Amino acid sequence: MDAPVVDRPAAAAVIERLVERGKVDAAAVDRARRVAGERQALHLILVKLGLVDEKDVAEALAQVLHLPLVAAADFPEEPVLDNAVSLKFLKEARALPIADSDEGLVVALADPLDTYVTDALALAVGRPVVCRVGVPAEIERAFERLYGGGGNAGGIRQIVEGMGDAVIDGADEDAERLKDLASEAPVIRLVNHLISRAVDARASDIHIEPFENSLRIRYRIDGVLQEVETPPLGLKSAIVSRVKIMAKLNIAERRLPQDGRIKLAIRGKEIDFRISTLPTMYGESVVMRILDKSSNIFDFSVLGFGQHTLTAFLDVLERPNGILLVTGPTGSGKTTTLYTSLLRINTPDKKILTVEDPVEYQLEGVNQVQVKAQIGLTFAHVLRAILRQDPDIVMIGEIRDLETAQIAAQAALTGHLVLSTLHTNSAAATITRLLDMGLEDYLMASTINGIAAQRLVRSLCPECRVPHPAAAELIAEFELERVARGQPISLYKPVGCAACSGTGYYGRTAIAEILVMSEAVRRLTLKRAEAGEIQRAAVEMGMRTLYEDGLRKVVSGLTSVEEVLRVTRDT
């Protein structure tokens, strides 16, 4: 494609609008200007450098040019043009025809300032082009949905076709050969494509899994793994090596697990990736945890805590000392809840220290320590040193052994507020788990203030969910009348649309229970009672269980019965 022809006064106005709205500062603009030079549009360079979000740029373009901003739901269900314009041109120009009107061809453009694109389109179709502003990620998603691999100039199939046989490698390549392969442009482009697609799809993890006869790529989206278009098996070593180079891991070591981190700017957002490699029968399995700071809003109402549960949780959190535990399986949002808690109680008169493995997000004003077991920097070792730092609040990423649990209890006894996590199925089961671990019952009864258990359920897509009458048998089976409090019961079911990629769900919300350590629960702890007995006592004192909290979200239309049953089946 030819060099862009940019409307420079409008481009300057866009930058000015971004600065005025506080989306980017003048120093960042100056830095981007030095990188951009004469031929590249400054607003695009700002996005590439991760200095401004592409959606903010799209909004500024729409305001400056007085053009409508296309919403995700406005993209067509069927292609508007049939081979009138090269799909490769449209893909590279990030232009998508969305309607054919009497005024002309309506086109969503990622960069409407590039007048070459609109002039070329008008010439190709023989009629005027009516411009609209689109968010680049939404244009690309719609393009892939409408035209698939055929028009996907940056797609896996086309990238692989351009590689030839030279980069198709086997499992026995030596380290230098792998390094050369991983540094070649097609492999770099392929890995970047896999990563950017995952970010666009709101994935939390990328799984790269080699098997005997195939290579499987899966994204975890809203807690559920989904398989995506996969490169040939012969590229597995090159792909894994590229990821390891990006994470600064030892490319020659393929017999031992390795961990690393990557920081990238994708679509104007700074995103961290936590990398884990594991040797398997047919090569190294790689999992990339995506840590998108911009998508994490550390606010209890956004997380999904109901008012009843939140009131009890905050009552425990705001006590000056004692232990507050957050429990649940891996991926249930425990760390996010702890970070939200720390930010709520982080005031200038409090010193907060954390020990984590790993540190997922950096919190302003909080002293965070990364565990490094290979050099002896364990949870217990760090905790002993932390307590000599005169903290008010201590956060322990996870209680994994008796020694850590005992130090946490001692810290609570000496006037510290201790926050931590534990892998258990329910709040009540946490007490029996700590007893099994060897922690003394009297220490638990005197130090634990409260235990929260939580899960994440998928939220129904607000664009396509549909109500359906609840059968009398269903209402009776799940006792929905009790949680509906006399209100009409209308349940919703997932359907699937473009906004949610056909799944019927978009995003996740928390369901939680909070067990407050009452006198009755303390007595049961000292008696070493079973988890079921402790839970009954807590419910009698007003605790809403995970299951009940989930059903309340079902009745309110936030999620489905199937989702609640899926995540609470083990409680």
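Observations on the model:
- Verdict on Thr311 being over 21 Å from Val224 (Cα atoms), loosely packed, with under 12 Cβ neighbours inside 10 Å and without any contact (Cβ under 8 Å) to a residue 40 or more places away in the chain: yes
- Filtered residues of the range 377-411 (kept if open to solvent by 10 Å² or more (accessible area, probe 1.4 Å), in contact with a strand residue (DSSP E or B) (Cβ under 9 Å, 6 or more places away or on another chain) and under 19 Å from Asp349 (Cα atoms)): Leu387, Gln389, Asp392
- Residue in the range 507-525 that is β-branched (Val, Ile, Thr) and under 23 Å from the mean Cα position of the chain (by Cα) present: yes
- Scanning the range 486-505 for residues that are among the hydroxyl-bearing types (Ser, Thr, Tyr) and more than 21 Å from Arg141 (Cα to Cα), we see that the one that is surrounded by the fewest Cβ atoms within 10 Å (Cβ to Cβ) is Ser490.
- If you go through the range 536-560 and keep only what is open to solvent by 20 Å² or more (accessible area, probe 1.4 Å), assigned to a helix (DSSP H, G or I) and in contact with a Leu (Cβ under 8 Å, 6 or more places away or on another chain), you end up with just Val555.
- Options Thr347, Thr337; residue that is within 25 Å of Gly223 (Cβ to Cβ) and of a type outside the set (Lys, Arg): Thr337
- Out of Ala142, Ala124, Ala198, sole residue that is modelled with pLDDT under 90, within 26 Å of the chain's Cα centre (by Cα), in a helix (DSSP H, G or I) and among the hydrophobic types (A, V, I, L, M, F, W, C): Ala142
- Hits in the range 25-75 (condition: closer than 25 Å to Pro97 by Cα, open to solvent by less than 20 Å² (accessible area, probe 1.4 Å) and outside any helix (DSSP H, G or I)): Ala41, Val70, Phe75
- Selection of the range 107-121 for residues being part of a helix (DSSP H, G or I) and in contact with a Leu (Cβ under 8 Å, 6 or more places away or on another chain) yields Val117, Thr118, Leu121.
- Test for Glu463: is it more than 24 Å from Thr340 (Cα to Cα) and either part of a strand (DSSP E or B) or open to solvent by 20 Å² or more (accessible area, probe 1.4 Å) (or both): yes
- Per-region count, the range 314-366, residues open to solvent by 70 Å² or more (accessible area, probe 1.4 Å) and either more than 15 Å from Val418 (Cα to Cα) or without any contact (Cβ under 8 Å) to a residue 24 or more places away in the chain (or both): 5
- Residue list for the range 413-422, filter: open to solvent by 10 Å² or more (accessible area, probe 1.4 Å) and of a type outside the set (Ser, Thr, Tyr): Leu413, Gly415, His416
- Meets criteria (in contact (Cβ under 8 Å) with a residue 24 or more places away in the chain and either buried (at least 19 other Cβ atoms within 10 Å of the Cβ) or over 24 Å from Val371 (Cα atoms) (or both)) for Asp222: yes
- Boolean, Glu403 is under 30 Å from Gly260 (Cα atoms), in contact (Cβ under 8 Å) with a residue 60 or more places away in the chain and acidic (Asp, Glu): no
- Candidate set: the range 453-473, residues that are farther than 30 Å from Leu419 by Cβ and in contact (Cβ under 8 Å) with a residue 60 or more places away in the chain; chosen: the one nearest to the chain's Cα centre (by Cα): Leu460
- Lone qualifier among Glu16, Glu54 - being farther than 24 Å from Asp200 by Cα and out of contact with any Phe, Trp or Tyr (no Cβ under 7 Å at 6 or more places or on another chain): Glu16
- Only one entry in Val516, Val483 is closer than 26 Å to Phe300 by Cα, in contact with a Leu (Cβ under 6 Å, 6 or more places away or on another chain), surrounded by fewer than 21 Cβ atoms within 10 Å (Cβ to Cβ) and not basic (Lys, Arg), namely Val483.
- Applying a threshold of 7 Å to beta carbon distances and a minimum spacing of six or more residues, or different chains, the list of pairs starting in the range 55-69 at a residue that is within 18 Å of Val130 (Cα to Cα) and ending at one that is part of a helix (DSSP H, G or I) and among the small types (Gly, Ala, Ser) reads Val64/Ala10; Val64/Ala13; Leu65/Ala10; Pro68/Ala62; Leu69/Ala58; Leu69/Ala62.
Residue-by-condition table, conditions (1) more than 28 Å from Asn213 (Cα to Cα); (2) free of Cβ contacts under 8 Å to residues at least 40 places away in the same chain; (3) part of a loop (DSSP other than H, G, I, E, B); (4) open to solvent by 50 Å² or more (accessible area, probe 1.4 Å):
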| position | (1), (2), (3), (4) |
| --- | --- |
| Ala238 | no, no, no, no |
| Ile245 | no, no, no, yes |
| Ile251 | no, no, yes, no |
| Arg254 | no, yes, yes, yes |
| Lys263 | yes, yes, no, yes |
| Glu270 | yes, no, no, yes |
| Arg274 | no, no, no, yes |
| Pro279 | no, yes, no, no |
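The values are calculated or read from the model by the stated rules, or taken from the named source; none is laboratory data. Just so we're clear, the structure is a prediction, and the values are computed from it rather than from any experiment. Virtual Cβ from ideal backbone geometry, glycine too; neighbours counted across all protein chains shown. To get the accessible areas, we keep the full protein, side chains included, count just its heavy atoms, and leave off ligands, DNA and RNA. Shrake-Rupley method; radii C 1.70, N 1.55, O 1.52, S 1.80 Å.
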